[in-house]
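Here is the structure we will look at, set down as structure tokens.
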Amino acid sequence: MEKTRDTLGDYKSFLAVLVFNVLLFGQAVDKYVEQLGDLPTVRSQFASRLEGQLTRLTCTFEPGEPCSWGNLPGNSLLWKRIRFKEPLPTRSQMKTVTSKSEMPEGAFAVVGSETPSADDETRLSVLAATIPCQNGPGKLKFNHWTNTASNGLEVCIVPIDSSYEKKCVGSVRRTSPNPIRFTVPAPKTYGPFQIRLEATGFRLPGFVAIDDISYQADLCKWEQRKPRPHAISKPGSLQASCTQLLNCDFEEGTSCFYDVKASSTGQWNVGSGRTGNRLTGVHLDGSGNARGYYAVVGRDYLSMDSDQSSRQAIYILQSPEVTIRRQVRLFYDFYIRSAGPELKVCINDMKTCPKTHYLRGYSADNDGWRRRESIILNPTTRRVLFVVSNLPANMYVALDNLAAEASHDSC
């Protein structure tokens, strides 16, 4: 009985050490662990020279070691570098807490939450590395520990120029045996991309630890960026009726006649399937089709300046100029699943916006879409603008099924 109490005491002590003394920034370091600081922030820049690039993609997180893996800008929880002090936790303690008896050797990376929060499910922390470009598939390997099944870890690839084309290649369970291995395909869009380990679902006390990460691939040198797909409007004559000009379901992979670059600070894109992370991202189009298309804004990374600058960005999807003789009703579906972003529907300019949408104040379907919203367009209407603002990282706004209902002589 005394041995059982000791084991339980060791478990609680070890867990408290790892979560409260390691993850609480600024608190005193316990005798069991040494804090070695936050991992650096990974930017979208990549090495112009390939020498040593693969070496930096192999990382044990020891201080002073060249390492390409770090925090993605905008992480709500930061990955930190730590190591255990002597005496080390026992294999029994490790297995009790993480289901795995092996321990990290030396320094390792860890992220976690220290206090309960209503936003636990939407917390996202990304360990990332930038790849200049790659021929064929690559091989990713790392060791992984977590103390609870609610802490998910997903491995995704994201082209630098097309974040809405994120593709996740698999996930890691608490009981997945080390080392974890994944095959990472090169993105369809040739050029630089990021490999991201996305940790989610934190609970108190909750953590995810990574060590001995390596990536092997045939890297290549990226010389020139290609234009982003889906960024141009569908070609065609603008000598069309107002319904033809205003209608768009995005199913051709274009924005029809709408201008996605009407704002100098942000651009709409046309997405398909899942855009963004699995918690706040878009999973279906407005018609409930998992492979359908829709217009979307949002990022699962910060701008290069800061989250504040990204919140100040304005995204405008603007219709072409139309002629309306009699009243027309324009229907649309929109997606907002996070508190913060604002969608305005404006007429002619940003001063006249009859509709403003937030997460609060409206009832959406379970998939996050609000369907068959509408505005009235009068003969004074020359164009329609869909304006999104206050959009930090990991939040998304989408539009679909723009459809004008009008009598035969309305335009």
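Computed from the coordinates by the stated procedures, all read-outs in this text should not be read as laboratory data. What you see is a predicted model; the values in this text were computed from it and never measured. Neighbour counts run over all protein chains shown; Cβ positions are idealised from the backbone, glycine included.
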Inset, instruction - Over the range 242-406, calculate the relative contact order: mean separation of alpha carbon pairs under 8 Å at least 6 apart, over the residue count, as a percent. - result: 34
Inset, instruction - With only Lys, Arg, Asp and Glu charged, each at its Cβ (+1 for the first two, -1 for the last two), find how big the charge dipole of the range 66-114 is about the Cα centre; round to the nearest 20 debye. - result: 60
Inset, instruction - May I ask you to evaluate 6.51 cos²θ - 1.76 cosθ + 1.60, the Karplus curve with θ = phi - 60°, for each residue of the range 273-283 and list the ³J(HN,Hα) values in order in whole Hz, giving x for glycine and proline? - result: x, 8, 10, x, 6, 6, 9, 10, x, 8, 10
Legend entry - Dipole axis of the range 242-406 (+1 Lys, Arg; -1 Asp, Glu on Cβ), positive-most option in ALA404, GLY281, PHE257: ALA404
Legend entry - Gain on full stretching of the segment that runs from GLU102 to ILE376 - 0.36 nm per residue minus C-alpha separation: 92.2 nm
Inset, instruction - First measure r as the distance between the Cβ atoms of GLU252 and ILE314, then evaluate 1/(1 + (r/R0)^6) with R0 = 25 Å and state the FRET efficiency to the nearest 0.05. - result: 0.45
Legend entry - Under-5 Å amide H pairs with TYR294, H placed in peptide plane, nonlocal only: GLY271
Inset, instruction - Please give the contour-minus-distance gain from HIS408 to SER92: 0.36 nm per residue of separation, less the Cα-Cα distance, rounded to one decimal in nm. - result: 106.0 nm
Inset, instruction - Compute the distance in nm between two label points, each set 7 Å from the Cα along the Cα-to-Cβ direction, one at ALA339 and one at LEU359. - result: 0.7
Inset, instruction - Assign unit charges at the C-beta atoms only (+1 for Lys and Arg, -1 for Asp and Glu), then state the dipole size of the range 356-411 relative to its Cα centre in Debye, rounded to the nearest 20. - result: 220
Inset, instruction - Starting from the Cα gyration tensor of the range 242-406, take the square roots of the eigenvalues, sort them a ≥ b ≥ c, and report rounded, prolate or oblate (rounded when a/c is under 1.5, otherwise prolate if a/b is larger than b/c, else oblate). - result: prolate
